[in-house]
């Protein structure tokens, strides 16, 4: 019996990466951040709607939003680093702890004072406070290309060797 071979279709991740690569990196980062913020706000709103204290709800929503943004940033925003995924995740966690720490401090100070009646406003303010720190840290550290001491020249030139 003859077998018909079907050409492999591009993976969803590859297709998404190809289309996203047409956009400037800061715009991709903002789009991913928007997805993270949507995750953050949704989980937060569901949790406080079910009686969870806003400070506790935000810890859970930030963790879930961070997982979403790590995967999406890795997929569409930043180029491959040449590092093992676990090492990259650790670097991402270090930057994220700093950015999300700033985010949470702003949120916590506002949710117990100014935004008691509208805690989602405190979520937005915290997210804005941490966004710039997050982008700079991820661009320059988490997803920075791995440098080897024996490599000299531009990354494109090194890749051709």
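The values are calculated or read from the model by the stated rules, or taken from the named source; none is laboratory data. Please read all numbers here as calculations on a predicted model, not as lab measurements. For neighbour counting, all protein chains shown are included, and Cβ atoms are generated from backbone atoms with ideal geometry for every residue, glycine included.
Can you find even one residue in segment 41-63 that is under 24 Å from residue 140 (Cα atoms) and not in a loop (DSSP other than H, G, I, E, B)?
Looking only at segment 41-63, we keep the residues that are under 24 Å from residue 140 (Cα atoms), and these are 62-63.
Remaining after also requiring not in a loop (DSSP other than H, G, I, E, B): 62-63.
Yes, that holds for at least one residue.
What single numbered condition from (1) over 14 Å from residue 58 (Cα atoms); (2) crowded, with 18+ Cβ neighbours inside 10 Å; (3) free of Cβ contacts under 8 Å to residues at least 60 places away in the same chain; (4) within 12 Å of the chain's Cα centre (by Cα) fails to hold for residue 89? Residue 89 satisfies all of (1) over 14 Å from residue 58 (Cα atoms); (2) crowded, with 18+ Cβ neighbours inside 10 Å; (3) free of Cβ contacts under 8 Å to residues at least 60 places away in the same chain; (4) within 12 Å of the chain's Cα centre (by Cα) except (2).
Look at (1) at pLDDT 90 or above; (2) in contact with a helix residue (DSSP H, G or I) (Cβ under 8 Å, 6 or more places away or on another chain); (3) not in a helix (DSSP H, G or I) and you find that residue 81 fails only one, number (1). Here segment 92-144 is the region considered, the condition is being in contact (Cβ under 8 Å) with a residue 60 or more places away in the chain and not in a helix (DSSP H, G or I), and the residue that is surrounded by the fewest Cβ atoms within 10 Å (Cβ to Cβ) is 144.
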